[in-house]
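Student: Below is a structure I'd like to ask you about.
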Amino acid sequence: MMSTRAAETRYHKDFLKSLDMVGQWLRSRKIPRSCLQNQSESDDQGLITLTGFDCASFASLCEIFVPIFDSYTPFIPSGKSCFKRKKQKNKGMKQKIHPEDCLGLVLAWTRTRGSLLALQLIFGMTFSNLDDYLLFAKRIIVKVLRKDQRAHVRIPRSEKIEEYKEMVRNRHHSSLMSDALWMD
Amino acid sequence: LDGLKIALEQSGDALIQECFYNVWTHNHYVSSVLCFCPNGTIPIAYINITGAVHDSQIADYGDIYDKLEMVYQQDGGQCTIDSAFGNVNREFLINSSQELIHTQSYRAQSIARDATLMRQSAEWVMRAFQLSMPRIKDRMKFEERGERKVTLTVMTYCIIYEHGWLG
């Protein structure tokens, strides 16, 4: 009997073979040398490997993330909400990282497992500082995505449902499945 | 509809620990139920429920059945379910239980086979969900300062945002 690991590898290979060259390149889970040596160069492959987002979607997320990041601070007394008080200009501790780094940090956190050691090495931060910014970034991302239409969990419109029904009809020819729309 | 169980640390308080303990798998979880469209997007989700609650009950508490019924009445869409929701007999749900494949009726067999195929693709979407966010497979810390909810929301929103953007 085939082990789960072996089955996963087989399915992964089949999936990769079904993609075109660009698709395979993006999902190869590698960070290319150009990305490491020239950090200003935008590279989809490296960013997808680290954060799960390509450059365009990362930039769009960054647009809504930056204003909140710049308005508040993670350095607040313990037990208080970081959105309780707005940051005043030219006052308080200076932010040690850029908003892009902070967003990258929280997205990279979702892509790793275990301790934050790997993130400390990637972002060059001490544990306490990284932990503060990670918590801050998590709260910001929840705050901004709750208001964003693109992240809403909602039932699709009737036209979209018709489109899904057509997809199912094309794939499954059983007569009673003609109206089946969603899956387990 | 598919259930997602995320492992959680054990609480020191016996009453709280009991809420998160799943007797079937002998572990502590936070459960969620997600519904997928054929293109992999998530139209209905109910997250952050204690692990002792069954998936079918979660779907009931989260009004998922009501929402599916509303879609069925408005647009005629149906949903395939697995054996976890086997005891729920409603016209907008198609059961993909293995037992149905061995029935005598050719029509029932055909439907059950198609339902199983559809449900299988939902398993792949769930797998993709877990692969794109490996942190979800890690054991979550037990905290009662809203950390769990924030973490789950970050993951769900990020996935939906990503799907929405790419779609």
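Every read-out reported here was derived from the displayed coordinates using simple, explicitly stated rules and does not represent laboratory data. Only a predicted model underlies this, so the values are computations on that prediction, with no experimental measurement involved. Glycine gets a Cβ as well: all are built from the backbone with ideal geometry, and neighbour counts include every protein chain shown.
Student: Calculate the FRET efficiency for residue A:162 and residue B:121 from the Cβ-Cβ distance with a Förster distance of 30 Å, rounded to the nearest 0.05.
Tutor: It comes out at approximately 0.95.
Student: To the nearest 500 deg cm²/dmol, what mean residue ellipticity at 222 nm is calculated for chain A from DSSP H runs of n ≥ 4 alone, each contributing -39,500 (n - 2.57), summed and divided by the residues?
Tutor: Mean residue ellipticity at 222 nm (helix-derived): -17500 deg cm²/dmol.
Student: While we're here: How far apart, in nm, are the 7 Å Cα→Cβ label points at residue B:137 and residue A:37?
Tutor: Inter-label distance under the simple model: 3.3 nm.
Student: Which of A:124, A:62, A:92 sits farthest toward the positive end of the charge dipole of the stretch A:1-154, with +1 on the Cβ of Lys and Arg and -1 on the Cβ of Asp and Glu?
Tutor: Ranked along the dipole, the leading option is A:92.
Student: How large is the Rg to Rh ratio of chain B when both quantities use alpha carbon positions and Rh follows Kirkwood?
Tutor: Using only Cα positions, Rg/Rh for chain B is 0.99.
Student: Using mean Cβ contacts within 10 Å as the protection proxy, how do B:26-32, B:8-14 order, highest first?
Tutor: B:26-32, B:8-14
Student: Report the calculated FRET efficiency for residue A:126 and residue A:86 (r = Cβ-Cβ distance, R0 = 41 Å), to the nearest 0.05.
Tutor: 0.95
Student: Follow-up. Which of B:31, B:52, B:131 sits farthest toward the positive end of the charge dipole of chain B, with +1 on the Cβ of Lys and Arg and -1 on the Cβ of Asp and Glu?
Tutor: The one lying farthest along the dipole's positive direction is B:131.
Student: So if we plug the beta-carbon distance of residue A:55 and residue B:149 into 1/(1 + (r/R0)^6) with R0 = 30 Å, what FRET efficiency do we get, rounded to 0.05?
Tutor: 0.50
Student: Only Cα pairs under 8 Å and at least 6 apart count here; give the relative contact order of chain B as a rounded whole percent.
Tutor: Once normalised by length, the contact order is 22 percent.
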